[in-house]
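Peer 1: What follows is a structure written as structure tokens; I'll ask about it next.
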Amino acid sequence: MTKFLSPATRFFDKVILKRPGLVIICLLAVVSFLGYKAKDFRLDASAETLVLEHDEDLRYSRLINSRYGVQDYLLMTYAPKDDLFSDKVLANLTRLRDELIRLERVSSVVSILDVPLLESPPVPVKELSGNIQTLESPTADKKLARIEFSKSPLYQNLLVSPDLKTTALQIKFPVDETYQDLLARRNHFREKQATNGLSAAETAEFKKVSAQFQEHRDKMKEIRHEDIAQVRAIMDNYRQDAELFLGGVSMIADDLITFIKNDLKTFGLGVLFLLVVALSVVFRKMRWILLPILCCSFAAISMMGLLGLFGWEVTVISSNFISLQLIITMAITIHLIVRYRELHFNNPEAGQRELVLDAVSLMLRPCLYAGLTTIAGFSSLLLCDILPVINFGWMMSAGITVSLVLTFLLFPALLMLMKKGTPQARRNSNFSLTSFFAGFTEAHGLMIMVISGIALVISAIGVSRLEVENSFIDYFKDTTEIHQGMLVIDQNLGGTTPLDVIVELDETQALPQKVAPETDTQNNDDFDEFEEFDEAQDEEKYWFTSDKMAQVKRIHDYLDSLPETGKVLSLETILKIAKKLNNGKPLDNFALALLYSKTPDKFKSMVVKPYVSVEHNEVRFSIRVRDSEKSLKRDKLLKKIRHDLINKLDLQKDQTHLTGMLVLYNNMLQSLFNSQVLTLGVVILALMSMFLILFRSLKIALIAIFPNLLSIGVVLGAMGWLNIPLDMMTITIAAISVGIAVDDTIHYIYRFIHEFRVDRNYIKTMHRCHGTIGHAMFYTSVTIIIGFSILVLSNFIPSIYFGLLTGLAMAIALIGALTLLPQLIVVFKPFGPEVIEN
């Protein structure tokens, strides 16, 4: 029997190997239960996953959305083959709009058919409350309407493209009062918990409200998914006459989940197939194909079940956790297989139980060390401010633990039920690459160190080029419908990413004052009619003064002049139209009050109320930024707007606020960059600490850290040189690189220590390590690179990056562990002096 009888070895011998059938039955029961719980496994791509957990801008954004009644909506683009204003196209548009309105959860549809025609012909301000025409009015002049839509500051780039070849339909959904209420209550408890703590009763209520919020949100996600599917089904009926696309924040979130789910299903099977092929080529025996696949399947199912059991949601950020767990589980299993085969070859007379016990006992410590060090690497993600990134760190730590436990229980139990068979002869052709690396390292050690140093310098320069810019449109191939649709909206209909600028006006201007009409701009009949509103105590109209509107105009024109902004909407938008209706003259205080009074409530809710809060003495500028603009630098744009509002437009700092998805997304990106820098530092310190604990030698720890730095540096440096941005999808690449490199480093050093005791000759030990543990490292890398290469066929760009960067990390980790690591060991001799042979 084995000479090493630690408590762990005795456990394997007396429990796992003695009763393998019982162990497998117990594992099947546990995995079956967790497999059932996997039905509660959820993906979440909501806006909440893109923002910081304690972001003050998030609180302010929710306040502004509530104050101005911002609704969830979809934006449909419609580009007809015929003229947009032809009877046929307008009839089709009418049918399309009516079908959309009939959908159960659509509250309204805004289109060119419904909006007021104020200049076709021009309507005097005092007649605005009368019967304003729309395109559907029997007496509407379509020629004048065409001119109005082409020149209107309100409709152009909002409802129609500048060339009048594309129009948009805004499909609005009612405000979800239940969601808003539950969100407010949940956040109240969260904030109180963070500051003063909660009582027992409040804690119970917090849990209850959180559960209700999650249940309602999940229900609404399903409902919105159905809504989007119904809208697309309607669109399909009109594609023969026009080109239609769909956009909107909720559609992007829904499509993100759809793409990720499809990748998990479609490419999950593809990855599985290629893994089987790779294992077949490497091991050429059914048992060595079946065991890794079973171990990977059990680990993935168990982890999905645990996430479902504890209500842990997988977001866009953590959607690759299953793939990473497959990599980690596959690596552990292949190391066990190679060690078992090696023991079997060297000791063909040994019994199956002895071989299995020796293989498990010898690999337990290095696999455990590698797992703990990888957990330390992923734990660095806990330093980020973004909850999904933090959760990803916890998920991977839990996933690695699950993989270790399941593999070291399932693998020996299954192997005990199989016959030992005859040992397979070693095929030198399969080992030629590891042998080549050993020979190359012995002959060109100095070159390896020089090249590694140059690679680190080049990588450092590449890392300095990393940017934290990315747009949603770049997540999808340009051949996909979602990319094409977002591009149409971005370039022809005013942009996609919302940004709000809120300006609080001077307190001295806050109080409404009655104004008298200026006789040179309005006649007495107008004023007599206006007096009726005084009697109705309609004081809001007096808030609109020429001084305030002049300030609004300056801000609006500045924001509209920025090359990154698309459509800008504010009070100035309707004032430009009103100026035309007023014979080109600016509106004085009286005319402004008359305009407000005469505007029908239906249109007031469209063009006035979304852009002013009289109660809070503030105005809102609604901006859509062109997300596809290659020169767009979000952080620079936001800083420029803040600077110019204060220094060029003479506003006070506390008067101006920027909010909206652009601000929240930028905050997340900047936090990612800062946390990535912090994470890298913490990862290096964590690795150094773990290496010191594991090997109890500062020299070995320093030697071990360099291949890991090379792996991290080359991957991040490649991203910098190739202009792959650092964003919510690529933030985990550093941790992934660490996890892969650490596995190779620890296994190699651990085996080197074991082999060095044989003859205390560094060069001979290196060759033996390359011929033993080097095979497992090589097999693992080749298997995973081949398996995940299929991801390059995805339509989801982050999945492509994940496949390519994972492959690069595997290749660099393998090369570093088989060249740089042994060369450093040979040069610095951390295990003591060699024994000189006579």
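Peer 1: If a residue must be open to solvent by less than 10 Å² (accessible area, probe 1.4 Å) and either touching a strand residue (DSSP E or B) at 6+ places or on another chain (Cβ under 6 Å) or part of a helix (DSSP H, G or I) (or both), how many such residues does the stretch 780-797 contain?
Peer 2: 6
Peer 1: I'd like to verify a number: residues in the stretch 800-814 that are of a type outside the set (Phe, Trp, Tyr) and surrounded by 20 or more Cβ atoms within 10 Å (Cβ to Cβ), how many?
Peer 2: Of the residues in the stretch 800-814, 8 are of a type outside the set (Phe, Trp, Tyr) and surrounded by 20 or more Cβ atoms within 10 Å (Cβ to Cβ).
Peer 1: Further question on the same structure: Determine whether the stretch 324-334 contains at least one residue that is assigned to a helix (DSSP H, G or I), open to solvent by 20 Å² or more (accessible area, probe 1.4 Å) and over 22 Å from Gly681 (Cβ atoms).
Peer 2: Yes, the stretch 324-334 contains a residue that is assigned to a helix (DSSP H, G or I), open to solvent by 20 Å² or more (accessible area, probe 1.4 Å) and over 22 Å from Gly681 (Cβ atoms).
Peer 1: Among the listed residues Pro122, Pro116, Pro138, which satisfies the condition of being in contact with a Ser or Thr (Cβ under 7 Å, 6 or more places away or on another chain), at pLDDT below 90 and not aromatic (Phe, Trp, Tyr)?
Peer 2: Just a single option satisfies the conditions, and that option is Pro116.
Peer 1: Is it the case that the stretch 125-142 has a residue that's more than 40 Å from the chain's Cα centre (by Cα), farther than 30 Å from Ala91 by Cα and open to solvent by 50 Å² or more (accessible area, probe 1.4 Å)?
Peer 2: Yes - at least one qualifying residue is present in the stretch 125-142.
Peer 1: Taking the options Asp547, Asp560, name whichever one is closer than 24 Å to Asp635 by Cα and either in contact with a Ser or Thr (Cβ under 8 Å, 6 or more places away or on another chain) or assigned to a helix (DSSP H, G or I) (or both).
Peer 2: Testing whether each residue is closer than 24 Å to Asp635 by Cα and either in contact with a Ser or Thr (Cβ under 8 Å, 6 or more places away or on another chain) or assigned to a helix (DSSP H, G or I) (or both) leaves just Asp560.
Peer 1: Mind listing just one residue for me: the one in the stretch 426-458 that is under 18 Å from Ile334 (Cα atoms) and not hydroxyl-bearing (Ser, Thr, Tyr) and, of those, modelled with the highest pLDDT?
Peer 2: Leu433
Peer 1: Can you tell me which of (1) surrounded by fewer than 14 Cβ atoms within 10 Å (Cβ to Cβ); (2) touching an Asp or Glu at 6+ places or on another chain (Cβ under 9 Å) is the one Phe436 doesn't meet?
Peer 2: Here Phe436 meets the rest and fails (2).
Peer 1: Something else about it: So, in the stretch 572-589, how many residues would count as being in contact with a Leu (Cβ under 6 Å, 6 or more places away or on another chain) and open to solvent by 20 Å² or more (accessible area, probe 1.4 Å)?
Peer 2: Qualifying residue count for the region: 0.
Peer 1: Residue under question is Pro830, and the condition is that it be in contact with a Lys or Arg (Cβ under 8 Å, 6 or more places away or on another chain) and either touching a residue at least 40 places away in the same chain (Cβ under 8 Å) or under 20 Å from Thr441 (Cα atoms) (or both); does it hold?
Peer 2: Taking the combined requirement at face value, the residue satisfies it.
Peer 1: Looking at (1) out of contact with any Lys or Arg (no Cβ under 8 Å at 6 or more places or on another chain); (2) under 30 Å from Thr496 (Cα atoms), which is the one condition that is false for Ile293?
Peer 2: It fails just one condition, (2).
Peer 1: Another one. Quick test for you: out of Leu291, Leu264, pick the one residue that is open to solvent by less than 40 Å² (accessible area, probe 1.4 Å) and out of contact with any strand residue (DSSP E or B) (no Cβ under 8 Å at 6 or more places or on another chain).
Peer 2: Leu291
Residue by residue, here is whether (1) closer than 21 Å to Arg59 by Cα; (2) outside any helix (DSSP H, G or I); (3) touching a strand residue (DSSP E or B) at 6+ places or on another chain (Cβ under 9 Å); (4) in contact (Cβ under 8 Å) with a residue 24 or more places away in the chain holds:
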residue	(1), (2), (3), (4)
Glu191	yes, no, no, no
Gly197	yes, yes, no, no
Lys208	no, no, no, no
His225	no, no, no, yes
Arg232	no, no, yes, no
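Peer 1: Please go through the stretch 391-420 and give me each residue that is open to solvent by 10 Å² or more (accessible area, probe 1.4 Å), in contact (Cβ under 8 Å) with a residue 40 or more places away in the chain and β-branched (Val, Ile, Thr), ordered by number.
Peer 2: Answer for the stretch 391-420, where residues must be open to solvent by 10 Å² or more (accessible area, probe 1.4 Å), in contact (Cβ under 8 Å) with a residue 40 or more places away in the chain and β-branched (Val, Ile, Thr): just Val402.
Peer 1: Taking into account only those residues within the stretch 586-616 that are of a type in the set (Asp, Glu) and farther than 16 Å from Leu117 by Cα, which is modelled with the lowest pLDDT?
Peer 2: Going through the qualifying residues, I end up with Asp588.
Peer 1: Name the residue, out of Leu592, Leu632, Leu569, that is open to solvent by less than 50 Å² (accessible area, probe 1.4 Å) and over 23 Å from Pro122 (Cα atoms).
Peer 2: Testing whether each residue is open to solvent by less than 50 Å² (accessible area, probe 1.4 Å) and over 23 Å from Pro122 (Cα atoms) leaves just Leu632.
Peer 1: Let me ask something else. Restricted to the stretch 267-288, and to residues that are small (Gly, Ala, Ser) and either surrounded by fewer than 18 Cβ atoms within 10 Å (Cβ to Cβ) or more than 31 Å from the chain's Cα centre (by Cα) (or both), which residue is farthest from Tyr340 (Cα to Cα)?
Peer 2: In this case the residue turns out to be Gly268.
Peer 1: Quickly run through the stretch 344-383 and pick out the residues that are free of Cβ contacts under 8 Å to residues at least 60 places away in the same chain and either in a loop (DSSP other than H, G, I, E, B) or of a type in the set (Gly, Ala, Ser) (or both).
Peer 2: Answer for the stretch 344-383, where residues must be free of Cβ contacts under 8 Å to residues at least 60 places away in the same chain and either in a loop (DSSP other than H, G, I, E, B) or of a type in the set (Gly, Ala, Ser) (or both): Asn347, Glu349, Ala350, Ala359, Gly371.
Peer 1: Does Asp654 qualify as being in a helix (DSSP H, G or I) and open to solvent by 20 Å² or more (accessible area, probe 1.4 Å)?
Peer 2: So Asp654 passes the test.
Peer 1: Moving on. Would you check which residues across the stretch 475-489 are in a loop (DSSP other than H, G, I, E, B) and either open to solvent by 70 Å² or more (accessible area, probe 1.4 Å) or touching a Pro at 6+ places or on another chain (Cβ under 8 Å) (or both) and list them?
Peer 2: Asp478, Thr479
Peer 1: Considering only the stretch 815-838, state which residues are open to solvent by 30 Å² or more (accessible area, probe 1.4 Å) and polar (S, T, N, Q).
Peer 2: Asn838
Peer 1: Looking for whichever is over 28 Å from Leu662 (Cβ atoms), buried (at least 17 other Cβ atoms within 10 Å of the Cβ) and modelled with pLDDT under 90 here; the options are Phe213, Phe189. Which one fits?
Peer 2: Selected residue: Phe189, the only one of Phe213, Phe189 that is over 28 Å from Leu662 (Cβ atoms), buried (at least 17 other Cβ atoms within 10 Å of the Cβ) and modelled with pLDDT under 90.
Peer 1: State which residue pairs qualify: first residue assigned to a loop (DSSP other than H, G, I, E, B) and inside the stretch 104-119, second residue of a type in the set (Lys, Arg) and open to solvent by 30 Å² or more (accessible area, probe 1.4 Å) in any location, beta carbons under 6 Å apart, and separation of 6 or more residues or different chains.
Peer 2: If the second residue must be of a type in the set (Lys, Arg) and open to solvent by 30 Å² or more (accessible area, probe 1.4 Å), the pairs left are Ser107/Lys172.
Peer 1: Check His754, His767 and return the single one that is over 24 Å from Gly681 (Cα atoms), touching a Gly at 6+ places or on another chain (Cβ under 9 Å) and open to solvent by 10 Å² or more (accessible area, probe 1.4 Å).
Peer 2: Of His754, His767, the one residue that is over 24 Å from Gly681 (Cα atoms), touching a Gly at 6+ places or on another chain (Cβ under 9 Å) and open to solvent by 10 Å² or more (accessible area, probe 1.4 Å) is His767.
Peer 1: Also, I was wondering about something else. If I filter the stretch 152-179 down to residues being touching a strand residue (DSSP E or B) at 6+ places or on another chain (Cβ under 8 Å) and either part of a helix (DSSP H, G or I) or among the hydroxyl-bearing types (Ser, Thr, Tyr) (or both), which single residue comes out as modelled with the lowest pLDDT?
Peer 2: Per the criteria, the residue is Ser152.
Peer 1: What about Val683, is it in contact with a Ser or Thr (Cβ under 8 Å, 6 or more places away or on another chain) and either modelled with pLDDT under 85 or small (Gly, Ala, Ser) (or both)?
Peer 2: Here the answer is yes, as Val683 does meet what is asked.
Peer 1: Looking at (1) within 38 Å of the chain's Cα centre (by Cα); (2) outside any strand (DSSP E or B), which is the one condition that is false for Leu595?
Peer 2: (1)
The values are calculated or read from the model by the stated rules, or taken from the named source; none is laboratory data. Keep in mind the model is a prediction, meaning the values are calculated, not measured. Cβ coordinates were reconstructed from backbone atoms using ideal geometry, including for glycine residues, and neighbour counts include every protein chain displayed. Side chains included, ligands, DNA and RNA excluded: accessible areas come from the protein's heavy atoms. Shrake-Rupley method; radii C 1.70, N 1.55, O 1.52, S 1.80 Å.
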